[in-house]
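What follows is one structure encoded as structure tokens, with my remarks underneath.
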Amino acid sequence: QVQLVESGGGLVQAGRSQILSCAASGSTFRINAMGWHRQAPGKERELVASITNGGITNYADSMKGRFTISRNNAKNTVYLQMNSLKPEDTAVYYCAATSYRGIYYWGRGTQVTVSS
């Protein structure tokens, strides 16, 4: 099993920046990729960004240029730097890890609220 713990959420003003962190523990050798998804009220969960062990990144189109995902493999930690935040970025942000077999592991989520 893989356990994921997010941190860094909270209330932030529009236009400001915030960084989220997610630390993985347990059977981390199973992990191929890590990433972030988010779910706003009344909406489906959507991909924000992901990064493989080799550093290949993937971003949702609406997040390109504003969000940056990075990873410290030695610490089994993934980060999400969010810049120029907008009220529509308000959501619960979930850390996810994907195993080499395609199994998803999820964190409990951290709330990010962007005030206008």
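May I ask you to give the solvent-accessible area per residue for the chain, in square angstrom, as obtained with a 1.4 angstrom probe?
About 54 Å² of surface per residue is accessible.
Grab the other residues whose beta carbon is less than 11 angstrom from that of residue 39, score K and R as +1, D and E as -1, and report the net.
On the way: positive: 38, 43, 45; negative: 44, 46.
Within the 11 Å Cβ shell, the charges total +1.
What longest range of the chain stays clear of loop-exposed trypsin sites (Lys or Arg not before Pro) (DSSP non-H/G/I/E/B, at most 12 other C-beta within 10 angstrom)?
Values: sites that count: 16, 43, 64, 101, 108.
Result, exposed sites excluded: 65-100.
I need the peptides 89-100, 52-63 ranked by packing, meaning the mean over residues of other C-beta atoms within 10 angstrom, with the highest value on top.
On the way: 89-100: 19.9, 52-63: 12.8.
By packing density, highest mean first, the sequence is 89-100, 52-63.
Over the chain, calculate the relative contact order: mean separation of alpha carbon pairs under 8 Å at least 6 apart, over the residue count, as a percent. Spell out each step's value before the answer.
On the way: 284 pairs, mean separation 42.3, N = 116.
The value is 36 percent.
Summing +1 for each Lys or Arg and -1 for each Asp or Glu, what net charge is found among the other residues whose Cβ lies under 11 Å from the Cβ of residue 97? Kindly include the intermediate steps, with their values, before the conclusion.
Details: positive: 30, 71; negative: none.
After counting each charged neighbour, the total is +2.
What fraction of the DSSP beta bridges in the chain is antiparallel, stated in percent and rounded to the nearest 5?
On the way: 41 of 45 bridges.
Beta bridges within the chain, antiparallel portion: roughly 90 percent.
At 0.36 nm per residue, and after removing the present C-alpha to C-alpha distance, how many nm does the segment from residue 106 to residue 84 gain when stretched out fully?
Details: separation 22, 0.36 × 22 = 7.92 nm, distance 2.61 nm.
Length gained, residue 106 through residue 84: 5.3 nm.
Share of the chain's accessible area from carbon and sulfur, percent, 1.4 Å? Present the calculation step by step, with values, prior to reporting the outcome.
Numbers: 2980 of 6260 Å².
Carbon and sulfur together cover 48 percent of it.
Positive end of the dipole of the stretch 42-116, charges at C-beta (+1 Lys, Arg; -1 Asp, Glu), about the Cα centre: which of 60, 96, 116 has its Cα farthest in that direction?
Most positive-ward Cα: 96.
The values are calculated or read from the model by the stated rules, or taken from the named source; none is laboratory data. Treat the numbers as computed from the prediction; the structure is a model and nothing was measured. All Cβ positions, glycine included, derive from the backbone under ideal geometry; neighbour counts span all protein chains shown. Keep in mind that these areas ignore ligands, DNA and RNA; they rest on the heavy atoms of the full protein, side chains included. Shrake-Rupley method; radii C 1.70, N 1.55, O 1.52, S 1.80 Å.
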